[in-house]
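The structure appears below as structure tokens.
Bear in mind these aren't lab numbers, they're just calculated from the coordinates by the rules spelled out. Given the structure is predicted, the values throughout are model-derived calculations rather than measurements. No Cβ is skipped: glycine too gets one built from the backbone with ideal geometry, and neighbour counts run over all protein chains shown.
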Amino acid sequence: MKIKLANVLGSFLLILFLSSCSPSVLDVTLYTTDIEAANEGEVFEVPVRASFTMYSDDDGELETASAIAEKYLAPDSVFSQSSGDWGETLVIETTIPIGTLDNLQNYLANNNRVAVLLVENNGEIEVSLNSTDYSDALNSELSDINFMLGFELPGDSTNFRVISDSRNNVQVDATAVFVSEKPYLYFSKELERRDEAEIVFKGTSGSVYSEINPIIYINFQ
């Protein structure tokens, strides 16, 4: 099973009606000790939360699409759907694996996941969000339901919440991001224990992250 390094998962499950869909959001929560453990060879699941709003009447496609998506997500994933004045909102709470490339490929041989958090050590630790071949399979199944229904990458917003639970300080860096709604060409913050940073990657058409993977850089002191 391939991890598709060239694709961006700005929205974890963008079940898209092509004519109208609200900006989708993916929230990823990462603890610094988890990143350290993944860099040392462990693979485990970390929590993510995805949501989108469909500005269209739902004739049961969302329920069917959710049932299909369950095959490509962690077994304990939770789906919730609500109706509002502007359409239907679907929220998915699930997990995706974090690890190095070889370890993730072994993990995906027995676990269906549409996305992973890839850890690479190139002098500093890089953590990027990547899709897998399962995303193509999901898109194909959804398209069979309705030609306007699919799984499309990227989405509009990916939020990395990085929480330090390491004993020593940790430096977090990112390029072309938003923090507290303020744009940064280059963002850098040193986290003491129990500090956190929430870094937002915009994946709209005018953003660099419509073409590349959201990525953060971690340096352990």
Calculate the spin-label point distance for Thr175 paired with Val78, positioning each point 7 Å from the Cα along the beta-carbon direction, and give it in nanometres. 3.8
Ordered by residue, what ³J(HN,Hα) values in Hz, to whole numbers, does the range 93-107 give under the Karplus form 6.51 cos²θ - 1.76 cosθ + 1.60, where θ = phi - 60° and Gly and Pro are x? 10, 8, 9, 9, x, 10, x, 7, 4, 4, 5, 5, 4, 5, 5
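Anything over 24 Å Cα to Cα? Flag those among Lys182/Lys202; Lys2/Lys189; Lys4/Lys202; Lys4/Lys71, in the order listed.
From Lys182/Lys202; Lys2/Lys189; Lys4/Lys202; Lys4/Lys71, over 24 Å: Lys2/Lys189.
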Collect residues whose amide H, placed 1.01 Å from N in the peptide plane, falls under 5 Å from the amide H of Asp165; neighbours closer than 5 in sequence don't count. Thr32, Thr33, Arg194
Hey, can you grab everything whose amide H is under 5 Å from the amide H of Ser24? Only 5+ residues off in sequence or another chain; H modelled, so Pro and N-termini drop out. Asp156, Ser157
Convert each backbone phi in the range 66-75 into a coupling constant with the Karplus relation 6.51 cos²θ - 1.76 cosθ + 1.60 (shift: θ = phi - 60°), then list the ³J(HN,Hα) values in order as whole Hz, x for Gly and Pro. 4, 4, 5, 4, 4, 5, 10, 10, 4, x
Taking the Cβ-Cβ separation of Asn106 and Lys71 as r and a Förster radius of 22 Å, what is the calculated FRET efficiency to the nearest 0.05? 0.65
For Lys189, net neighbour charge (Lys/Arg +1, Asp/Glu -1) across residues whose Cβ lies under 13 Å away: -4
Around Leu191, which amide H atoms from residues at least 5 apart in sequence, or from another chain, sit under 5 Å from its own amide H, with H modelled in the peptide plane? Val170, Gln171, Val172
In whole Hz and in residue order, list the ³J(HN,Hα) couplings for the range 201-213 that follow from phi through the Karplus curve 6.51 cos²θ - 1.76 cosθ + 1.60, θ = phi - 60°; x for Gly and Pro. 9, 8, x, 5, 4, x, 9, 4, 7, 7, 10, 10, 6
